[in-house]
Amino acid sequence: MRLHRLLCPVLLALPLSAPAQIVGVALEPKAVVGDGTPIVGGATVVASPAPDRAAFIDFSSAQPRLLGEVDAPTSYLGPPSAVAISADRRLALVAASSRLDPAQAKFVPDRRISVIDLSAAPLRVVRTLELDASPTSLAMSPDGRSALVLHTADDRATVLALDSRRHRVEVAGRLSFPAGSGPLAAAFSPNGRRLLVTRPGDHRVSLYAVDAGGVRMPAIRDLVTGVRPFAVSFCGNGGHAVVSNFGDGEGDADTVSLLRLDGAAPRTVDTVSVGPVPEGVACAPDGRYAAAAIQNLSNRPKSHPFHGERSAVVLLKIDGDRLQRLDRQPIGAWSQGIAFLDDSRGVIAQSIADRALHRFRVERDRLQPAGAPIVFERGGPASLGVSGR
């Protein structure tokens, strides 16, 4: 049974010539770490904040180059996957799950998806979609012809059809998930034939088949990884994926799980402790390493009994069906998204408190600094998206 039609998944390889690798960063100016009256996630509201912003950076050379910034509504609430970039690097999407209500000094649901023309100079928003539920996160198909928008509170997703050359983005249909499952984050496999969706509401990760007719429902299998599975990433073409298990966010040591998805019996094959609150997780394109961004309760007030001064990046190695913890390096407070670059050794990690994108390289199974952090003036980086290979 198919609930709705997705555009055909990518079946052919992208061109051999390597275009620029683009990283999109959603900047959050409305909330900071502080000891004032806390709002959701332990942060505090900024008085008269600047407009939300998205920045796009070319990482194809040794020195990252800023392509430009543009105003676009966004939010730190939800997983750090509110930015998606099309395969041809022409179009980007930025989601806003919530907005700040100044009168009440609290966040309320938003509905907007910004469509950004990355080929324009300067960059520009060419359309704003208003969906009928709060858009929590985004997942772009490898061919860039469709995107999945997850609506956690409504247990469903919107599928968008994209034509990046004409800058067209349209609602193509909807998917439904079990009541109370709270679908939060999603990822397509590199060949576009599988889809993973995390469901923290019922502590499951669902694996779906994708073909020319769309996403096949029901799921191939609902896997169990840990408490509140959060972010998810495929590990190249090797049949693995990793999931961060967010836990309850109160200071207990939380985990990252390794999934084995090829063969007849997809399952969780290993889980390792990484520290409190792994917000983001990423796998290297060659499938050898994974990395998690650990909040370490650094976004909580100093009065919290388990407050940590800094966040951290934890490096993991995939050895067959086992995860091996290799290294841990501190970054600024309130970590969010994390990603590997195309060479499978470059790692970038966000810190809202630092307003920075921290850079590392994996060398001899260790994380080494790879230049000064990239610092943003207009807000702290809360989500990121990386263009496909």
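Bear in mind that the values in this text are calculations on the coordinates, not laboratory data. Quantities reported herein were computed from a predicted structural model and do not represent experimental measurements. Note: ideal-geometry Cβ built from the backbone for every residue, glycine included; neighbour counts use all protein chains shown.
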Answer in debye to the nearest 20: the dipole magnitude of segment 169-309 about its Cα centre, from +1 Lys/Arg and -1 Asp/Glu charges placed on Cβ, is 340
With the charge dipole of segment 22-386 built from beta-carbon charges (+1 for Lys and Arg, -1 for Asp and Glu) about the Cα centre, the Cα from VAL32, ALA161, LEU384 projecting farthest to the positive end belongs to ALA161
Taking a crude spin-label model, label points 7 Å out from Cα along the C-beta direction, the ARG168 to THR128 distance in nm is 2.3
Suppose R0 equals 41 Å; then what is the FRET efficiency for ARG366 and ALA209 from their Cβ-Cβ distance, rounded to the nearest 0.05? 0.60
Relative exposure of HIS304, HIS358, judged by other C-beta atoms within 10 Å (fewest first): HIS304, HIS358
Signed unit charges on C-beta, dipole axis of segment 22-386, positive-most listed residue PHE56, ALA290, ILE348: PHE56
Of 220-228, 275-283, 59-67, ordering from highest average Cβ density within 10 Å down gives 275-283, 220-228, 59-67
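Sorting check: for 103-109, 180-186, 307-313, which peptide has the highest mean count of neighbouring beta carbons within 10 Å, and how do the rest follow?
180-186, 307-313, 103-109
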Tell me which lysines have Cα within less than 25 Å of LYS30's Cα, excluding those fewer than 8 residues away on the same chain? LYS106, LYS302
If you place +1 on the Cβ of every Lys and Arg and -1 on the Cβ of every Asp and Glu, how big does the dipole about the Cα centre of segment 22-386 come out, in debye to the nearest 20? 420
Using Cα pairs under 8 angstrom and six or more residues apart, how large is the relative contact order of the chain, in percent? 15
Just to confirm my numbers, what's the Cα centroid distance between segment 119-191 and segment 208-262 in Å? 19
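Count the net charge of all other residues whose Cβ sits under 14 Å from the Cβ of VAL362, scoring Lys and Arg as +1 and Asp and Glu as -1.
Cβ neighbours under 14 Å give a net charge of +3.
Taking the beta-carbon count within 10 Å as an exposure proxy, list GLU130, GLU69 from fewest neighbours to most.
With the sparsest Cβ surroundings first, the list reads GLU130, GLU69.
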Relative exposure of LEU91, LEU259, judged by other C-beta atoms within 10 Å (fewest first): LEU259, LEU91
When you count, for each residue, the other Cβ atoms within 10 Å and take the mean per peptide, how do 241-254, 290-303, 157-170, 187-200 rank with the highest first? 290-303, 187-200, 241-254, 157-170
Which label belongs to the value computed from this structure, given these candidates for Cα extents along the principal axes in Å: (i) 68, 46, 43; (ii) 92, 45, 38; (iii) 52, 46, 45? (iii)
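Given Cβ point charges of +1 (Lys, Arg) and -1 (Asp, Glu) and nothing else, what value in debye, to the nearest 20, does the dipole of segment 256-389 about its Cα centre take?
The calculated dipole for segment 256-389 is roughly 220 debye.
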